[in-house]
1. Got a sec? Which strands (runs of 3 or more DSSP E) wholly within segment 89-192 have at least 2 residues that are surrounded by 12 or more Cβ atoms within 10 Å (Cβ to Cβ) and in contact with a Gly (Cβ under 8 Å, 6 or more places away or on another chain)?
2. When you scan segment 88-105, do you find a residue that is at pLDDT below 95, under 14 Å from the mean Cα position of the chain (by Cα) and of a type outside the set (G, A, S), even just one?
3. Please pick out the residue among P42, P12, P37 that is more than 19 Å from L103 (Cβ to Cβ) and touching a residue at least 24 places away in the same chain (Cβ under 8 Å).
4. Out of all the residues in segment 29-48, which are at pLDDT 95 or above and of a type outside the set (S, T, Y)?
5. Checking E147 against (1) over 18 Å from A21 (Cα atoms); (2) within 15 Å of the ligand (Cβ to nearest atom), only one condition comes out false. Which one?
6. Only one of L153, L89, L103 is within 14 Å of the ligand (Cβ to nearest atom) and either among the aromatic types (F, W, Y) or touching a helix residue (DSSP H, G or I) at 6+ places or on another chain (Cβ under 9 Å) (or both); which?
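The values are calculated or read from the model by the stated rules, or taken from the named source; none is laboratory data. None of these values were measured; they are calculated from a predicted model. Here the Cβ positions follow ideal geometry from the backbone for every residue, glycine too, while neighbour counts run over all protein chains shown.
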Amino acid sequence: MKIGIFGGTFDPVHRGHLQLAQNARAQFSLDKVIFVPAYQSPHKQELLSCTSPEDRYEMVRLAIEGEFSMEVSDCELKRKGVSYTFDTLSEFEKKYSGATFFLILGRDAFEGIDAWYRADELKKRIRFLVAKRGACEVHVPEGARAEWIQMPLCPISASGIREAIKCERNVDDHVSSKVLQYIYAHALYREN
Ligand code: ATP
């Protein structure tokens with residue numbers, strides 16, 4: 001079985017994330033893609049005071065409802081503390097023994113992997129499926145096995161969406177309608 005792990009803060013999950021997951025699944029014939037919302041990202045600790053892990057998890061669940069071969073995992077929420085991909089991979093390796101794992105991520109995240117917890121072991125145990133973000137060339141960290149997800153550049157970012165909602169600008173094209181309803185119903189991102 002080929003499994004794509006797609007980690008992130010998903011604050012909120014947006015169409016760029018969906019596109020990334022769908023293209024990775026189709027291009028690399030993955031049996032499933034598992035979205036893994038971080039309880040607390042090691043890279044974005046300051047953000048997590050504004051949206052709870054439960055809200056971010058729920059938005060991912062709504063965004064992928066009905067999507068072919070996509071799931072959301074609460075393993076990082078249950079583990080609590082800082083969420084490390086290495087620990088998540090170890091959990092999935094136990095749960096799906098014999099599977100091959102791929103980590104789905106954007107260029108910005110990929111270029112930082114040498115700073116991740118147990119990066120050298122991670123690079124040996126997983127293959128990276130990387131989407132370009134912006135026009136620059138991708139720098140491949142030494143020892144990482146990487147392949148490129150072919151998809152049009154998608155300029156959407158969660159930070160852009162948070163900012164737009166705060167300024168009462170329209171984000172209908174960037175977020176699914178179910179997620180948007182959730183954001184408004186829970187008054188998310190209205191203030192800093
Ligand atoms: P923020 O704007 O708050 O930094 P984000 O939009 O990058 O958030 P994350 O949840 O941090 O969202 O991203 C999860 C993963 O998805 C990361 O690997 C990131 O590089 C990738 N990603 C997010 N948006 C895009 C996009 N538009 N194109 C390609 N990759 C993306």
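1. Details: elements: 100-106, 127-131, 146-149.
Hits in segment 89-192: 100-106, 127-131.
2. No, every residue in segment 88-105 fails to be at pLDDT below 95, under 14 Å from the mean Cα position of the chain (by Cα) and of a type outside the set (G, A, S).
3. Values: P42 fails: more than 19 Å from L103 (Cβ to Cβ); P37 fails: more than 19 Å from L103 (Cβ to Cβ).
Residue meeting the stated conditions: P12.
4. Those that are at pLDDT 95 or above and of a type outside the set (S, T, Y): L30, D31, K32, V33, I34, F35, V36, P37, A38.
5. Answer for E147: the failing condition is (1).
6. Working: L153 fails: either among the aromatic types (F, W, Y) or touching a helix residue (DSSP H, G or I) at 6+ places or on another chain (Cβ under 9 Å) (or both); L89 fails: within 14 Å of the ligand (Cβ to nearest atom).
None of the others qualify; the one that does is L103.
Residues checked against (1) surrounded by fewer than 22 Cβ atoms within 10 Å (Cβ to Cβ); (2) outside any helix (DSSP H, G or I); (3) of a type in the set (S, T, Y); (4) touching a strand residue (DSSP E or B) at 6+ places or on another chain (Cβ under 6 Å):
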{"residue": "V13", "(1), (2), (3), (4)": "no, yes, no, no"}
{"residue": "Q19", "(1), (2), (3), (4)": "yes, no, no, no"}
{"residue": "Q22", "(1), (2), (3), (4)": "yes, no, no, no"}
{"residue": "T51", "(1), (2), (3), (4)": "yes, yes, yes, no"}
